[in-house]
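Read the structure below first, then the notes.
The values are calculated or read from the model by the stated rules, or taken from the named source; none is laboratory data. Quick caveat, the model's predicted, so the values are computed rather than measured. When we count neighbours, we look across all protein chains shown, and the Cβ atoms used for this are built from the backbone with ideal geometry, even at glycine. Remember, those area values only see protein heavy atoms, side chains included, never the ligands or the DNA or RNA. Shrake-Rupley method; radii C 1.70, N 1.55, O 1.52, S 1.80 Å.
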Amino acid sequence: MFLEPVGLPESLRGRTLVMGVVNVTPDSFSDGGLHLDPAAAVAHARSLISEGADIVDVGGESTRPGATRLDPTEERRRVIAVVETLASEGIAVSIDTMNADTALAAVGAGALVVNDVSGGLADAAMLPTVAELGVPYVCMHWRGHADRMNSLAVYDDVVTEVRAELAARLDACERAGIDPRRVVLDPGIGFAKEAAHNWALLHHLDRLAELGRPLLIGASRKRFLGSLLADPSTGEPRPTGERDAATAAVAAIAAASGVWAVRVHAVAATRDAVAVGTAWRHG
Ligand code: PMM
């Protein structure tokens, strides 16, 4: 079954969306520093749209394992002008932030979606702010900040536990006044997860979909793909820039199971993969 959040324009309804990543950061794991200048970030977003992205996800704070927190004022300095420019060009933008004030400013600047990798846990003001804003909200599974998330990757049954923790976040959203029809759930691939956890979650997207909400999958270029494709002779992980075919394969599987959106760095390959997965799903 295909599920999507309410509150999006007609042009973004009825199909699995490709969300292109625009990291306005010096230190993201695969593209840190490439688009720190606002003009470079805007140009990159435009090129993702021309490759077929439906929406661009603009973020100013890196969440790679080990990253330290960023001052929210600096985060806003990085992203708000970029969001404003893109939105004024009619480009659909989501704001990737854990900070309520950044979400507020970005939606004020024209962002259509709030994407919060902390699922409302990093900033107590986030869920009430999103309730007030009334926009679609991506609520990701999260157990703690990047400086300690590797130590939190401990599960007896990862699918059951992630599902239960997402259900609890969905309840928290509702208690804060967010219309549950606006909530998208995300298992948080790579966030407090080892490779085996990521694969188990991707294998059981159907069990996450039973929560009755649309799903977003962000597997793009992540470490579990690097280790899957490690050099057989040296054991060296595949470099981040050479993981896009594998990323597209995950997107095909995700689209085949009816996810709402896939968040990726390299849009063109994933666009095709989503077309394949969607055609397969329709049979
Ligand atoms: N992953 C990253 C950043 N934001 N947002 C959502 N909803 N889901 C994700 O899996 C996700 C995210 C980390 O990747 P990046 O550093 O390449 O942006």
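Looking only at region 135-165, filter to residues that are open to solvent by 20 Å² or more (accessible area, probe 1.4 Å) and touching a Lys or Arg at 6+ places or on another chain (Cβ under 7 Å); which one of those is farthest from Lys222 (Cα to Cα)?
So the residue we want is Arg163.
Within region 117-144, which residues are farther than 21 Å from Trp260 by Cα and in a loop (DSSP other than H, G, I, E, B)?
Leu121, Ala122, Asp123, Ala124, Ala125, Arg143, Gly144 - these are the residues of region 117-144 that are farther than 21 Å from Trp260 by Cα and in a loop (DSSP other than H, G, I, E, B).
In region 145-162, how many are free of Cβ contacts under 8 Å to residues at least 60 places away in the same chain and either acidic (Asp, Glu) or part of a strand (DSSP E or B) (or both)?
Selection size over region 145-162: 3.
Return a yes/no flag: does region 199-221 have any residue that is more than 18 Å from Met98 (Cβ to Cβ), among the small types (Gly, Ala, Ser) and within 13 Å of the ligand (Cβ to nearest atom).
The answer is yes, given that some residue of region 199-221 is more than 18 Å from Met98 (Cβ to Cβ), among the small types (Gly, Ala, Ser) and within 13 Å of the ligand (Cβ to nearest atom).
Out of (1) more than 26 Å from Phe29 (Cβ to Cβ); (2) touching a residue at least 12 places away in the same chain (Cβ under 8 Å), the odd one out for Ala105 is which?
Exception for Ala105: condition (1).
State whether one or more residues within region 14-23 are part of a loop (DSSP other than H, G, I, E, B), free of Cβ contacts under 8 Å to residues at least 60 places away in the same chain and either among the charged types (D, E, K, R) or open to solvent by 20 Å² or more (accessible area, probe 1.4 Å) (or both).
Our first condition is that a residue be part of a loop (DSSP other than H, G, I, E, B); within region 14-23, this holds for 14-16.
Subset that is free of Cβ contacts under 8 Å to residues at least 60 places away in the same chain: 14.
Those still in the list that are either among the charged types (D, E, K, R) or open to solvent by 20 Å² or more (accessible area, probe 1.4 Å) (or both) too: 14.
Yes; the residues of region 14-23 include at least one that is part of a loop (DSSP other than H, G, I, E, B), free of Cβ contacts under 8 Å to residues at least 60 places away in the same chain and either among the charged types (D, E, K, R) or open to solvent by 20 Å² or more (accessible area, probe 1.4 Å) (or both).
Of (1) touching a Pro at 6+ places or on another chain (Cβ under 9 Å); (2) in a loop (DSSP other than H, G, I, E, B), Val114 satisfies all except one. Which?
Status for Val114: all satisfied but (2).
In region 177-258, which helices (runs of 4 or more DSSP H) lie fully inside it and hold 2 or more residues that are over 25 Å from Gly32 (Cβ atoms)?
Of the helices (runs of 4 or more DSSP H) lying wholly inside region 177-258, those with at least 2 residues that are over 25 Å from Gly32 (Cβ atoms) span 195-203, 205-209, 244-256.
Considering only residues that are among the acidic types (Asp, Glu) and in a helix (DSSP H, G or I), which ones fall in region 59-97? I'd like the intermediate steps shown before the answer.
In the first step, residues of region 59-97 are kept if they are among the acidic types (Asp, Glu); the result is 61, 71, 74-75, 84, 89, 96.
Glu74, Glu75, Glu84 - these are the residues of region 59-97 that are among the acidic types (Asp, Glu) and in a helix (DSSP H, G or I).
So how many residues does region 39-59 have that are open to solvent by 30 Å² or more (accessible area, probe 1.4 Å), touching a residue at least 24 places away in the same chain (Cβ under 8 Å) and farther than 14 Å from Ala87 by Cα?
Looking only at that region, the number is 1.
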